[in-house]
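Take a look at the structure set out below.
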Amino acid sequence: MNARMDADCKKHAVNLSSYFDGELHGNALAKLESHLESCTACQGELETYNKIRKALIYFATGSQKGKPPGKSNPAQDGGEDEPTQK
Ligand SMILES: [Zn+2]
């Protein structure tokens, strides 16, 4: 695959995140969509956004389900909070 970004891509890349968030409308949306159809580089960029978002959702839901971040497992803490037994 010969995916490289040219100057046109850089122009569109600015709008990619808005497009991904569904915040791109009208002429800008039409231009970006027609560019995406023929540009594998920008399609790749969009895919990257997808992966990042999935990862973010994964971490967000993961930390909600599990323990709050920052609270370490006391069994593996091995440290300063340990009660002294002298
Ligand atoms: Zn492009």
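Remarks
- Subset tally (residues that are more than 12 Å from the chain's Cα centre (by Cα), among the acidic types (Asp, Glu), surrounded by 10 or more Cβ atoms within 10 Å (Cβ to Cβ) and at pLDDT 90 or above) for the stretch 28-78: 1
- Considering only residues in the stretch 2-19 that are in a loop (DSSP other than H, G, I, E, B) and either within 8 Å of the ligand (Cβ to nearest atom) or in contact (Cβ under 8 Å) with a residue 60 or more places away in the chain (or both), the one that is farthest from the chain's Cα centre (by Cα) turns out to be Asp6.
- For Gly22: the one exception among (1) without any contact (Cβ under 8 Å) to a residue 40 or more places away in the chain; (2) in a helix (DSSP H, G or I); (3) not hydroxyl-bearing (Ser, Thr, Tyr): (2)
The values are calculated or read from the model by the stated rules, or taken from the named source; none is laboratory data. Bear in mind that the values here come from a model prediction, so they are computed numbers and not experimental data. Note: ideal-geometry Cβ built from the backbone for every residue, glycine included; neighbour counts use all protein chains shown.
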